[in-house]
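No value in this document is a laboratory result; all are computed from the given coordinates. Here the structure is a predicted model, which means the values were calculated and not measured. Please note: Cβ atoms are built from the backbone with ideal geometry, for glycine as well, and neighbour counts cover all protein chains shown.
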Amino acid sequence: MIWGSLISAAVDLAGGYMSSKKEKAVAKQKLEVAKIQAQTTKALQDGEWENEAIKASDGSWKDEFALCVLLAPAIAVYWVPERVQEGFNVLSTLPEWCTYLLFIAISSSFGIKGVGQAAKMLKKK
């Protein structure tokens, strides 16, 4: 009888251990599925936002204006290099926050992602 009780207790203990292990595996799998679903939802939302932004910018001259402003010094340097250098010297005295705002505004105008990463790169200088 004692052997029967011991075997029964050992079987119950092993069964409990296996059940616990199975529950952990199921919970881990559910967590992974939830993570994948969250990433999918975020990707879909990002794509929708980008499509809306593209639609909103149709017929806008803002991007073309920003491009002209960015290209102006590259063109003007052939005729008045001293004046272009003076302009860059003045721009280099802008407060750091203003520089970041300009960078973010122009980047977003062109739809460039990763502004945060670029800002980190600028801070390293």
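Tabulated results
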read-out: Under Karplus coefficients 6.51, -1.76 and 1.60, residue-wise ³J(HN,Hα) of region 22-36 in Hz, glycine/proline x; value: 5, 4, 5, 5, 5, 5, 5, 5, 4, 4, 4, 4, 4, 4, 5
read-out: Förster radius 30 Å - calculated FRET efficiency between Phe103 and Glu82, Cβ distance, rounded to 0.05; value: 0.70
read-out: Potential lengthening between Ala34 and Thr93 on full extension [0.36 nm per residue; Cα-Cα distance subtracted]; value: 16.4 nm
